[in-house]
Amino acid sequence: MTSRKSVFIRPLFRSIVAISALGLAIPAIAQSFHNAPASSSTLENPDTGKQNAAAGQKLYQERCASCHGATAKGTGNIPSLASGATQAAKPGEIFWFITHGDMANGMPAWETLPAQQRWQIVTYLKYLNSPGAAQLSTAATGASATTATLQAPPPTPPFTDFRYEKPGTVRKITVPDLPAPFATQSAGNGPTIVPRPEGVWPQAPKGFKVELYTTGLDNPRLIRTAPNGDFFVAETSKGQIMVFRGITADGKPKTTSIFASGLNKPFGIAFYPPGPNPKWLYIGNTNAVVRFPYKNGDLTATGPAQHLDDLPSGRGHSTRDIRFSPDGKTMFVSVGSGSNVNDPDTHPEEKNRADILAFNPDGSHMRIYAYGIRNPVGLAINPQTGELWCSVNERDALGDNLVPDYITHVQKGGFYGWPWWYIGGHQDPRLDGKHPELKDKAIVPDVLLQPHNASLEMTFYEGKQFPREYDGDIFAAEHGSWNKGTRAGYEVIRVPLHQTGHATGEYEDFLTGFVLPDGNAWGRPVGVTVAPDGSLLVTDDGSNSIWRVTYTGK
Ligand code: HEC
């Protein structure tokens, strides 16, 4: 009983602190109006007058009222537009700010609204305190918010949700940004997958084009490019490995083949030995590593699966990715936990789980390479440093903004916290007082991602098609949240390494648009791989498709 009570008191206290902190911060930074360039202050509003104000009010009700309130007086920690800085600002500065927004602080950019409409909104805002305003509001009471748009409070930056995901937006979550556990209630908000509406398409940054490579698959998950350029895809629930070969002039596979079937939830795919002439194709079943004889060009397995070693399995996380060290001497296998936060001390079934395991390539000599990694899914070798990297799903039920998922290079013998600690020395309140000696051992990962966004496959970009600044960067698929009030993830991200081989903590939205404005998702990215021509292929087990992203420069 008592512990329940404290859960309810704490969030209230926290939100009061958060609001007052924001209130203090705003006047301190307000030099020009949101850093609007000086040139914007002299812009003339071409659409003034009462009629434009009425049109602006209607647009305001549709686009802005959900955050700034029906009378523009602000809601929660969102500023009033009827008084304060906006009323003091020049029309041109407001126009500039509406156009650019401030994504990091929860203010969307409205550059897709026609300029005339943006000016009409400015006219309305400036009309608010004029004598004609009362008359205006009676005239436009018929305006209402569109029912097809999800109404939810804006996220607290640097945390975000699908509404603000936009290709090219750079994000960075740092340790001081983490809220206290239970700052918000734990959400149950899994997606209902809807068919992709006509005309809806994934969105990539300017200069990139997105095409549908193939669709009609059955639960396509991990995708990996073979040394000869074929694409191997795990259809996990069907127990099958597919092969796609080539790209026709209209962007479709030239050949499609079933490589093997009858597997137990296959996910990981690896070619061995590393290099141009593999002899084996390794598959990570949920309960074992198996391998098939393989040579370049094989479209179906030429022999039965050879069983190498059992993997811990059963309840909980089922994906097992496989990668080899560049020298071919070590096989890495990612094995997620069996639970959200069960203590391995009292749950023997967690033994050798929430780990990255290492083996000899023949499956012998199993050892723990790194531990305390709740659900490591995607593995990759950094081509510049030779290090192992992984993409991780952290724990749930501590609130919307805990615990960040992450992408990190993996230190040999490294401890990443689960289940007693998270993101360095933060104790999981559900295991209070346990393992104090591990507090300082818990490593802070390189790149903190949105909590709950379910980071799956990752790959390093070694293609030659994308602009130079993408060389060596990471692409990762974020399958999307369920344990968050408003969805996050459902996108492919880029982690820029700036040609250093090391992460700065930043990541960037790259491929978005899989969630509709009403909050329903139609697609969920799982796998990413780079094609021989340098394009990026993305599997999506929501629409059962593979997307292809190419750079055209247009
Ligand atoms: C999803 C919520 C949301 C929506 C929708 C939204 N805003 Fe905002 N807006 C914000 C937030 C949050 C801020 C504060 C940003 C900051 O502090 O930098 C803001 C700030 C502003 C400001 C600056 C206010 C100030 O005092 O500094 C203006 C002007 C503004 N919004 C106009 C608009 C207009 C016009 C629309 C509709 C076209 C709109 N906003 C829609 C969330 C929203």
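Coordinate-derived values only; no laboratory data. Because the structure is predicted, anything quoted here is derived from the model rather than measured. In this analysis, Cβ positions are derived from the backbone assuming ideal geometry, glycine residues included, and neighbour counts consider all displayed protein chains.
Let me check against my output: what whole-number percent is the relative contact order of the chain, with C-alpha pairs under 8 Å and at least 6 apart? Walk me through the intermediate numbers first.
On the way: 1367 pairs, mean separation 78.4, N = 554.
Taking the mean separation of contacting Cα pairs over the length of the chain, I get 14 percent.
Computed FRET efficiency, Cβ-Cβ of Q151 and E111, R0 22 Å: what is it to the nearest 0.05? Write out the running numbers ahead of the final one.
Numbers: r = 23 Å, r/R0 = 1.03.
For R0 = 22 Å, the calculated efficiency reads 0.45.
Just from its helices, what would the mean residue ellipticity at 222 nm be for the chain, if runs of 4 or more DSSP H residues each count -39500 (n - 2.57) and the sum is divided by every residue, rounded to the nearest 500 deg cm²/dmol? Could the numbers behind the result be given before it?
Values: 7 runs with 80 residues, N = 554.
Mean residue ellipticity, 222 nm, calculated: -4500 deg cm²/dmol.
Net charge near H307, counting Lys/Arg +1 and Asp/Glu -1 over other residues with Cβ under 13 Å of its Cβ?
Details: positive: R291; negative: D309, D310, D362.
Result for the neighbourhood of H307: -2.
Within 10 Å, count the other beta carbons around each residue, average over each peptide in 212-221, 519-528, and list them highest first.
Numbers: 212-221: 17.9, 519-528: 24.5.
Highest to lowest by the protection proxy: 519-528, 212-221.
Between the stretch 526-545 and the stretch 189-250, what is the C-alpha centre distance in whole Å?
Answer, in whole Å: 5.
Tally Lys and Arg at +1 and Asp and Glu at -1 over the other residues with C-beta under 14 Å from the C-beta of S39: what net charge comes out? Please list the in-between numbers first.
Details: positive: K90; negative: E44, E93.
Cβ neighbours under 14 Å give a net charge of -1.
Obtain the nm distance between the two label points defined at S237 and S39 by a simple spin-label model: each point lies 7 Å from its Cα along the Cα-to-C-beta direction.
So the two model labels end up 5.3 nm from each other.
Mean Kyte-Doolittle of at least 0.5 and a Cα length of 15 Å or more along the axis: which whole DSSP H helices of the chain meet both? Before the final figure, lay out the partial values.
Values: long enough: 2-29 (41 Å, 1.08); 50-63 (19 Å, -1.59); 115-127 (18 Å, -0.68).
In the chain, the long hydrophobic H runs are 2-29.
Can you put L379, L456 in order of Cβ neighbours within 10 angstrom, beginning with the fewest?
Listed from fewest to most nearby Cβ atoms, that is L379, L456.
Among the listed pairs K50/K73; K166/K265; K252/K554; K412/K439, which have their C-alpha atoms separated by more than 24 angstrom in this model?
Numbers: K50/K73 21 Å; K166/K265 33 Å; K252/K554 21 Å; K412/K439 18 Å.
Cα-Cα > 24 Å for K166/K265; rest within.
How about K295: which aspartates and glutamates have a C-alpha closer than 15 Å to its C-alpha, ignoring those fewer than 8 places off in the same chain?
The qualifying aspartates and glutamates are D230.
Would you mind calculating the gained length between D218 and Q499 on full extension (0.36 nm times residue separation, minus the Cα-Cα distance), in nm to one decimal? List each step's numbers first, then the result.
Values: separation 281, 0.36 × 281 = 101.16 nm, distance 3.69 nm.
Contour length minus Cα-Cα distance gives 97.5 nm.
Taking 0.36 nm per residue of separation and subtracting the Cα-Cα distance, what length does fully extending R245 through E462 add?
Numbers: separation 217, 0.36 × 217 = 78.12 nm, distance 1.94 nm.
Result for the pair: 76.2 nm of gain on full extension.
Using the Cα centre as the reference, give the magnitude of the dipole from point charges on the C-beta atoms of the chain (Lys, Arg: +1; Asp, Glu: -1; all else neutral), rounded to the nearest 20 debye.
Working: 50 positive and 50 negative charges, 113 e Å.
With Lys and Arg at +1 and Asp and Glu at -1, about 540 debye.
How many angstrom separate the Cα center of the stretch 163-188 from the Cα center of the stretch 325-372?
29
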